[in-house]
Structures are given as C-alpha cells and as structure tokens.
Amino acid sequence: MVEPYSQKEQIQQVVYRILDANLDRAREGLRIIEEWCRFGLNNAQLALECKRLRQEVAKWHTPELRAARDTPGDPGTELTHPQEEQRASIKSVLQANFCRIEEALRVLEEYSKLYHPTMAKACKQMRYQVYTLESSLMGHQRHQLLWRSRLYLVTSPSETLLNNVEAALKGGLTLLQYRDKTADDSLRLEQARKLRQLCHIYGALFIVNDRVDVALAVDADGVHLGQQDMPIAVARQLLGSQRLIGLSTTNKEEMQAAIAEGVDYIGVGPVYETPTKLGKVATGLEYVSYAAKNCSIPWFAIGGIDANNINDVIDAGAERVAVVRSLMQAEQPTLVTQYLLSQLNRIKPEL
Ligand SMILES: Cc1ncc(COP(=O)(O)OP(=O)(O)O)c(N)n1
Ligand SMILES: Cc1ncsc1CCOP(=O)(O)O
Ligand SMILES: [Mg+2]
C-alpha cells in the first residue's frame, strides 16, 4: 500500500513544482533573448551572456525538481493573456521576455529559500545580471535603430498631434522628437506618455526635446539638447549610457565639441531659414557638406527641409534629415513620409 503524502511533503511538492515551472520559464525567456542577440544583432558577446545565464539556470534544475512536474494537473497552462498572443515589434518581444525572466527569477529566489538557500542567493545574483543584460541590449537596440533612421520628425503643437505622428509612423518613420516650447508640464507629460506609447507600438525611437526630467519620467529613448541647455556631461549622468543624447550644432566647432563630449547624434542646421525657429541664421548647404565629410556619428540636416528641396540637401551630402512643418502640416503625412524616405533611400539603400 502506498503511504499518502504528509502535509509537509505535500507543501514540499508544491514548492518543487513552483521551482520547476519557473526554472523552465527563465530558461525559455533567456533562449528567446539569445536568439535575437545571435541572429538579429549578430552580437556574440550578448548571445554568450544569455547562454551563460541559461546554463546557470539549468544547473539548478535537479531531477527531484523535474520529477515534481504535473503538467496535466496545472490549471495555468490554459491561462493566456491576449497581449501574449500578439506582439507589435521586436522591442515588445524582448521587453515581454525580460519581464518574464525577471519575474521567474524573483519567484525562484523567494521559494528556493525553502529549498536551498544557496540557490536563492544565486537567483538573486542572476536577476541583477539580467537587469544589466537588459540595459545593454536595449541600449544596443536603440543605437542600431538610430543609425538606421534616415528621417526624424520633430513635432510642433497641434490639435492633431497623435494622428499626424501615427500617420508618419505608418509611412515608415522610426525616429520621433516631442517638441513643445509652450505647454505646461502636465500636458507635456500626458502628450509625451501617449507619443512614447505610440512609438513603442510601431517600434520607433522616442526622444524628448530639452527636458531630461520628462524623458526620464516617460522612459523615453533619449533627449535632444541645444547649445544653451543642460551640459551634456550632466545629462549623461542623469540618463546613463544606454539612452540617446542629441545636440544641435550650427558650425564645425560645435560639431567637433559634440563628438568629443560623447553625444549619440547631432542636428546640423538650420540649413534654410525657417519660421519654426524664427531669427536663427541659416547655415546653408556648406555646413551640410562639411558634416558629410567630417562627422563620425549620425547627423540630421534640419531647418526648412521639404519635399521640394530635399534632393538639394541630399546632393550636398545628407543621408538623414529632420523636419517639423513638412510632416506636421502635411495633409497626408503617411505619403509625405514615404516620399521623403524614398528620396533618402535612393542614394545608399542600406545604412
Ligand atoms: C534634430 C534636431 N536638431 C536641432 C534641434 C534644435 O534644438 P535647440 O537648438 O535646442 O532648439 P529647440 O528645438 O529647443 O528650439 C532640434 N530640436 N532637433
Ligand atoms: C528645431 C529646429 N532647429 C533647427 S531648425 C529647426 C526647425 C525646423 O523646422 P522646419 O522643418 O519646420 O523648418
Ligand atoms: Mg532646446
């Protein structure tokens, strides 16, 4: 006759099942991240770190924990959230899986205190290592997308702000800056949050103009600063190395200083005089040509650029441009985005 489990043994079985399920969950999540590092980014270092973590998780997956598995008796296998069945972009896939790994490691940390205190300590350490991996990978993703982005929409206040931006995103926009010099902070935060969400859905980068605090509050991808704004070193300290910092430049000296200060990209202009930046003297195409020959980081020609003159700017050497009115005042922002991108992609199809 088989002896029934005592209450203590029953609880132990439950703990083993929790550990077994979460060891699987953490390993699966790590494998999903690893595949992107390997095949999507071709980044051996990040892929290796995922593999190392996967093996460390596997080390704790002992036969006694595996033996506790009872998949048919697990009501959780039937439970899925609609968000799990659809992902809008690679970024969402990565974020969802980092979340999954971190949660699983937290569960492992707590329940393994009842099983093997050394395992609890190891899981805590792994969780911190996963946070570091997440930050490096997300930083890497941001930089890659920045380098690939050719068109940059800088917003202006508009009743149809979200519609305009979404239309441009539909046309293939991958880089957006929220710029509103007059809104009060509560509106600014609300709009920034909505735009960030929209960019997230379309897999585009979201940058905040001028305000490091707002960028941090809405978890933006970075900030764009002017020559009179917060010093780059201070912004970098606040934002860390994984978020992007852009700086406006109007001449060679500012460009060289920006590169030396470690910004991620620069604005080059205003190429033409523009009502969007009244009173600012145009740099002309000469500075665009200088940037084309001398700038080692991504740079965006900006100021008065539209569908009629974009080819002059491209001929002067620009591979990337930033616009306000051309898209914010367009009747059909999707079509204009597609047209501007088609012109920018004409020279070198792949950046
Ligand atoms: C891409 C890009 N380039 C330049 C600017 C101008 O920034 P700044 O000089 O700080 O002026 P304001 O935009 O704050 O009026 C920009 N915003 N984006
Ligand atoms: C913000 C800014 N910085 C330099 S020019 C400019 C405005 C560009 O606006 P537009 O594309 O409407 O000319
Ligand atoms: Mg500014």
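The values are calculated or read from the model by the stated rules, or taken from the named source; none is laboratory data. The structure displayed is predicted, hence computed values, not measured ones. All Cβ positions, glycine included, derive from the backbone under ideal geometry; neighbour counts span all protein chains shown.
Okay, residues lined up against (1) under 26 Å from Gln332 (Cα atoms); (2) within 11 Å of ligand 2 (Cβ to nearest atom); (3) assigned to a helix (DSSP H, G or I):
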| site | (1), (2), (3) |
| --- | --- |
| Tyr272 | yes, yes, no |
| Lys280 | no, yes, no |
| Tyr287 | no, no, yes |
| Lys293 | no, no, yes |
| Ala307 | yes, no, no |
| Asp312 | yes, no, yes |
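In segment 214-234, is there at least one residue being part of a helix (DSSP H, G or I), away from ligand 1 (no atom under 16 Å from the Cβ) and buried (at least 17 other Cβ atoms within 10 Å of the Cβ)?
Among the residues of segment 214-234, not one is part of a helix (DSSP H, G or I), away from ligand 1 (no atom under 16 Å from the Cβ) and buried (at least 17 other Cβ atoms within 10 Å of the Cβ), which makes the answer no.
Looking at segment 224-265, which of its residues are within 13 Å of ligand 3 (Cβ to nearest atom), among the β-branched types (Val, Ile, Thr) and within 16 Å of Trp147 (Cα to Cα)?
Correct list: Ile245 only.
Residues checked against (1) within 22 Å of the chain's Cα centre (by Cα); (2) of a type in the set (A, V, I, L, M, F, W, C); (3) surrounded by 13 or more Cβ atoms within 10 Å (Cβ to Cβ):
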| site | (1), (2), (3) |
| --- | --- |
| Gln7 | no, no, no |
| Ile11 | no, yes, no |
| Leu19 | no, yes, yes |
| Leu30 | yes, yes, yes |
| Cys50 | yes, yes, yes |
| His61 | no, no, yes |
| Leu65 | no, yes, yes |
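For segment 201-213, enumerate the residues that are within 13 Å of ligand 1 (Cβ to nearest atom) and among the hydrophobic types (A, V, I, L, M, F, W, C).
Hits for segment 201-213 are Leu205, Ile207, Val208, Val212.
Go through segment 201-213 and give me each residue that's surrounded by 21 or more Cβ atoms within 10 Å (Cβ to Cβ), more than 13 Å from ligand 2 (Cβ to nearest atom) and outside any loop (DSSP other than H, G, I, E, B).
Selection gives Leu205, Phe206, Val208, Val212.
Which residue, of Leu198, Leu187, Leu247, is free of Cβ contacts under 8 Å to residues at least 24 places away in the same chain and away from ligand 1 (no atom under 13 Å from the Cβ)?
Step by step, each of Leu198, Leu187, Leu247 is checked, and only Leu187 is free of Cβ contacts under 8 Å to residues at least 24 places away in the same chain and away from ligand 1 (no atom under 13 Å from the Cβ).
Restricted to segment 269-308, and to residues that are under 27 Å from the mean Cα position of the chain (by Cα) and within 15 Å of ligand 3 (Cβ to nearest atom), which residue is farthest from Leu327 (Cα to Cα)?
Of everything passing the filter in segment 269-308, Gly269 is farthest from Leu327 (Cα to Cα).
Check Leu175, Leu169 and return the single one that is within 13 Å of ligand 1 (Cβ to nearest atom), assigned by TED's automatic domain parsing to the domain that holds Ala258 and surrounded by 15 or more Cβ atoms within 10 Å (Cβ to Cβ).
After ruling out the rest, the residue left standing is Leu175.
Determine which single condition Phe300 fails, assuming it passes every other condition in (1) surrounded by fewer than 16 Cβ atoms within 10 Å (Cβ to Cβ); (2) of a type outside the set (Gly, Ala, Ser); (3) within 12 Å of ligand 2 (Cβ to nearest atom).
With (1) surrounded by fewer than 16 Cβ atoms within 10 Å (Cβ to Cβ); (2) of a type outside the set (Gly, Ala, Ser); (3) within 12 Å of ligand 2 (Cβ to nearest atom) applied to Phe300, the lone miss is (1).
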